[in-house]
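In what follows, a single structure is set out as structure tokens and then discussed.
The values are calculated or read from the model by the stated rules, or taken from the named source; none is laboratory data. Here the structure is a predicted model, which means the values were calculated and not measured. Every residue, glycine among them, receives a Cβ derived from its backbone with ideal geometry; neighbour counts consider all protein chains shown. Keep in mind that these areas ignore ligands, DNA and RNA; they rest on the heavy atoms of the full protein, side chains included. Shrake-Rupley method; radii C 1.70, N 1.55, O 1.52, S 1.80 Å.
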Amino acid sequence: MKIQSADVVVCSPGRNYVTLVLKTDDGLVGVGDATVNGRELAVASYLQDHVVPLLPGRDAHAIEDTWQYLHRGAYWRRGPITMAAIAAVDVALWDLKAQSAGLPLFELLGGRSRSWIRAYGHAHGRDVAELTDSVHALRAEGFSAVRVQVGIPGLSNGYGVTVTSAQSRYEPAVAGDQPVEEVWDTGRYLRHLPSVFEELRNTFGPDLDLLHDVHHRLSPIEAARLAKSLEPYAPFWLEDVTPAENQESFRLVREHSTVPLATGETFNSVVDYLRLIPEQLIDYVRSAVTHAGGVTGLRRILDFAALYQIRSAIHGPTDISPIGLSAALHIDTAHHAFGIQEFMQYQEPISEVFDVDYTFSDGVFQPGDRPGVGVRFDVDAAKRFPYRRAYLPVNRLADGSVHDW
Ligand code: EZ4
Ligand code: CO
């Protein structure tokens, strides 16, 4: 089975996606996701200008060799753009191999390890009342774990919450020529959050798993204070409590709290975890199939994490296409180190372009049984939704200085 053609398609059915389509000499079509939120055209160019010319004629079965060829062979290893490009090739090749075997991908990854995949949903509100309604709505959909993000009094907008009640779902990337600017105040946030968790626990009791994403905004000692103050409400985890470049900083948080910690959605390689995993400074690895070198890259991370009883929580926001999410679900099904799967829930018209076979009900996913990754990408439909420039927000403190978003 040889690769015959490779095409890069950028489309925007609701938001931007970069998709790689590989065709083989025996007529199979494999697809991979290479979306990097707010930088989509950079990865499209990386693929189109530097990777696509290398693919025709290669053995489509040689997944590991192609991965190493693109990784070591480029000399410039790692980085989000490179690793998303490699991920798209890798997932498309796994899709082809599984299709040629006539099996859903999870069967090639070791087969089924669990009966279902538990997911957490995104609840949000501009205040606690709106957040409570949002949690009720997710519970009604069957979720037993919810991520809770809330507006902070005195701040007009912020991570994870909609700006107006007319928006039913939060989407951080906004179409336009300039990024939206947000304002941040750490003191207000640290003072407000414990009362939010207290109210949610009073309303929903001890059984509902509550997660929260700090989105890289705190210093290590601020993160320690937050974890300590939320400990009485037993959060399932705190995510990205502090930027992860200085991995030693997680030790300081650990010294003050037993709240589980999750990080890694911005990582792109197993080597990004060289300190965090063996020194057991985190409890969940959050890397995405799309951003960490595909199924091949993510399995290296999960095998390493498993040695230390650290579990998976594969990144599943709307800026991962249904191809990237479906690949994650196959890994979740097969890998022993599964913890939980993020599910941010797509908005229409995405299903006009991506036809999926996984199902979601009662708070859990099931992978489909189509051979391959299980997602059909409609290239003609994609043409109806051309790329629109969009950026993630930029975050500033009251004095105008740029803060981590
Ligand atoms: O801000 O995917 O846990 N999920 C997140 C996401 C990220 C976006 C960035 O592209 O933090 O909402
Ligand atoms: Co996050």
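Conditions (1) open to solvent by less than 30 Å² (accessible area, probe 1.4 Å); (2) touching a His at 6+ places or on another chain (Cβ under 7 Å); (3) of a type outside the set (Gly, Ala, Ser), marked per residue:
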position: VAL271; (1), (2), (3): no, no, yes
position: ALA292; (1), (2), (3): yes, no, no
position: ARG311; (1), (2), (3): no, no, yes
position: ALA327; (1), (2), (3): yes, no, no
position: ASP332; (1), (2), (3): yes, no, yes
position: ALA337; (1), (2), (3): yes, no, no
position: ILE340; (1), (2), (3): yes, no, yes
position: GLU348; (1), (2), (3): no, no, yes
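For residues that are within 20 Å of LEU392 (Cβ to Cβ) and within 16 Å of ligand 2 (Cβ to nearest atom), tally how many sit in the stretch 315-342. I'd like the intermediate steps shown before the answer.
Within the stretch 315-342, the subset within 20 Å of LEU392 (Cβ to Cβ) is 315-321, 324-325, 342.
From what is left, the residues that are within 16 Å of ligand 2 (Cβ to nearest atom) are 315-320, 324-325, 342.
So the answer is 9.
I'm trying to understand the selection: among the residues of the stretch 254-301, which are out of contact with any Asp or Glu (no Cβ under 9 Å at 6 or more places or on another chain), of a type in the set (S, T, N, Q) and closer than 20 Å to ALA74 by Cα?
The answer is ASN268, SER269.
Can you tell me which residue within the stretch 143-178, out of those that are aliphatic (A, V, I, L, M) and over 16 Å from VAL394 (Cα atoms), is farthest from ligand 1 (Cβ to nearest atom)?
Taking the stretch 143-178 as the starting set, the residues that turn out to be aliphatic (A, V, I, L, M) are 145-146, 148, 150, 152, 155, 161, 163, 166, 173-175.
Next, only the ones that are over 16 Å from VAL394 (Cα atoms) stay: 145-146, 148, 150, 152, 166.
Working: ALA145: 13, VAL146: 13, VAL148: 12, VAL150: 15, ILE152: 17, ALA166: 20 Å.
Looking at the filtered set, the residue picked out is ALA166.
Does GLY264 satisfy the condition of being at pLDDT 95 or above, open to solvent by less than 30 Å² (accessible area, probe 1.4 Å) and either more than 16 Å from ligand 2 (Cβ to nearest atom) or farther than 25 Å from LYS228 by Cα (or both)? Reasoning before the result, please.
Numbers: at pLDDT 95 or above: yes; open to solvent by less than 30 Å² (accessible area, probe 1.4 Å): yes; either more than 16 Å from ligand 2 (Cβ to nearest atom) or farther than 25 Å from LYS228 by Cα (or both): no.
Against the criterion (at pLDDT 95 or above, open to solvent by less than 30 Å² (accessible area, probe 1.4 Å) and either more than 16 Å from ligand 2 (Cβ to nearest atom) or farther than 25 Å from LYS228 by Cα (or both)), GLY264 does not qualify.
For the structure I just gave you, tell me whether VAL52 is closer than 23 Å to GLY14 by Cβ and open to solvent by less than 40 Å² (accessible area, probe 1.4 Å).
Here the answer is no, as VAL52 does not meet what is asked.
Scan (1) in contact with a strand residue (DSSP E or B) (Cβ under 9 Å, 6 or more places away or on another chain); (2) open to solvent by 30 Å² or more (accessible area, probe 1.4 Å) for the single condition GLY363 breaks and write down its number.
(2)
Would you please name the residue that is most open to solvent (accessible area, probe 1.4 Å), looking only at residues in the stretch 227-246 that are away from ligand 2 (no atom under 15 Å from the Cβ) and either of a type in the set (Phe, Trp, Tyr) or at pLDDT 95 or above (or both)?
Our first condition is that a residue be away from ligand 2 (no atom under 15 Å from the Cβ); within the stretch 227-246, this holds for 227-234, 245-246.
Those still in the list that are either of a type in the set (Phe, Trp, Tyr) or at pLDDT 95 or above (or both) too: 227-234.
Numbers: ALA227: 0, LYS228: 124, SER229: 39, LEU230: 0, GLU231: 69, PRO232: 97, TYR233: 47, ALA234: 62 Å².
Per the criteria, the residue is LYS228.
Please note which strands (runs of 3 or more DSSP E) are completely contained in the stretch 1-73 and include at least 2 residues that are farther than 22 Å from PRO322 by Cβ. Break it down into steps so the answer makes sense when it comes.
Values: elements: 3-11, 17-24, 29-33.
Here the list reads 3-11.
Using the structure shown, decide if ARG275 is away from ligand 2 (no atom under 14 Å from the Cβ) and outside any loop (DSSP other than H, G, I, E, B). So that I can check it myself, show each step before the final result.
Working: away from ligand 2 (no atom under 14 Å from the Cβ): yes; outside any loop (DSSP other than H, G, I, E, B): no.
No, not satisfied.
In the stretch 96-207, which strands (runs of 3 or more DSSP E) lie fully inside it and hold 2 or more residues that are open to solvent by less than 60 Å² (accessible area, probe 1.4 Å) and in contact with a helix residue (DSSP H, G or I) (Cβ under 7 Å, 6 or more places away or on another chain)? Quick ask: steps written out before the conclusion?
Numbers: elements: 117-125, 145-150, 181-184.
By residue number, 117-125, 145-150.
May I ask you to list the residues in the stretch 2-31 that are small (Gly, Ala, Ser) and more than 16 Å from PRO56 (Cβ to Cβ)? Don't jump to the end; show me each part of the working.
First pass over the stretch 2-31, keeping only residues small (Gly, Ala, Ser): 5-6, 12, 14, 27, 30.
Those that are small (Gly, Ala, Ser) and more than 16 Å from PRO56 (Cβ to Cβ): SER12, GLY14.
Taking the condition out of contact with any His (no Cβ under 7 Å at 6 or more places or on another chain), farther than 15 Å from VAL148 by Cα and not aromatic (Phe, Trp, Tyr), does PRO232 pass? Lay out the reasoning, then the answer.
Working: out of contact with any His (no Cβ under 7 Å at 6 or more places or on another chain): yes; farther than 15 Å from VAL148 by Cα: yes; not aromatic (Phe, Trp, Tyr): yes.
Taking the combined requirement at face value, the residue satisfies it.
Which condition does ALA305 not pass, out of (1) surrounded by 24 or more Cβ atoms within 10 Å (Cβ to Cβ); (2) away from ligand 2 (no atom under 16 Å from the Cβ); (3) under 17 Å from the mean Cα position of the chain (by Cα), if it passes all the others?
(3)
In the stretch 222-230, is there at least one residue being within 16 Å of ligand 1 (Cβ to nearest atom) and under 25 Å from the mean Cα position of the chain (by Cα)?
Checked the stretch 222-230: at least one residue is within 16 Å of ligand 1 (Cβ to nearest atom) and under 25 Å from the mean Cα position of the chain (by Cα).
(1) away from ligand 1 (no atom under 16 Å from the Cβ); (2) open to solvent by less than 10 Å² (accessible area, probe 1.4 Å): which one isn't true of THR258, the others all being true?
Of the numbered conditions (1) away from ligand 1 (no atom under 16 Å from the Cβ); (2) open to solvent by less than 10 Å² (accessible area, probe 1.4 Å), the odd one out for THR258 is (2).
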